[in-house]
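Single-structure report; data block below.
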Amino acid sequence: MWKLYLKSDVGVAIQSTYKLLKKSIIDDETVYIGKVKYIDYETEHINAGNILAPFVHKRKSFEHEKEIRGVILRWPEITDGTKTMTQSKDTIISGIPIEVDIDTLIQKIYISPNAPIWFAELAKSSVMKYGYNFEIIHSKLNSSPLF
């Protein structure tokens, strides 16, 4: 996982659960959360009767990700100023910020196994600086196994 998602030796992974993610959302937006379904687009299809279905499907080759997605529905605003209907065309490029309760969301923080000690210490001090008390684990995934 670390090599797949990092461009360097330093990075973090946050451990949580579906239940905690759902519980942690404290935003006014309605967020629909669901597991991504991985399909073969040549032999399977997306349910056309579910408006959210296109957003929670992905190619079968990504099945190892076991992804959960949050989807927000925002319909274009229609204004009727002079009996002319116009639709605004807001483009969302970087996502929509959603307020979450970090204490509820995060169970543990993992530091990549190849990250230097100073990076792990920086992560720990940053967590403490902002008043959190998450368990931080420097991954030992690359360590030799004990026989």
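Bear in mind that the values in this text are calculations on the coordinates, not laboratory data. What you see is a predicted model; the values in this text were computed from it and never measured. A quick note on method: Cβ atoms are made from the backbone with ideal geometry, for glycine too, and the neighbour counts reach across all protein chains shown.
For residues that are in contact (Cβ under 8 Å) with a residue 12 or more places away in the chain and part of a loop (DSSP other than H, G, I, E, B), tally how many sit in segment 133-147. Steps first, answer last, please.
First, pick out the residues of segment 133-147 that are in contact (Cβ under 8 Å) with a residue 12 or more places away in the chain: 134-143.
Imposing the further condition that a residue be part of a loop (DSSP other than H, G, I, E, B) reduces the set to 134, 139-143.
Qualifying residue count for the region: 6.
Filter segment 39-67 for residues that are farther than 30 Å from Asp101 by Cβ and either in a loop (DSSP other than H, G, I, E, B) or in contact with an Asp or Glu (Cβ under 7 Å, 6 or more places away or on another chain) (or both) and give the result.
Residues of segment 39-67 that are farther than 30 Å from Asp101 by Cβ, as a first pass: 39-49, 59-61, 63.
Of everything in segment 39-67, those that are farther than 30 Å from Asp101 by Cβ and either in a loop (DSSP other than H, G, I, E, B) or in contact with an Asp or Glu (Cβ under 7 Å, 6 or more places away or on another chain) (or both) turn out to be Asp40, Tyr41, Glu42, Thr43, Glu44, His45, Ile46, Asn47, Ala48, Gly49, Lys60.
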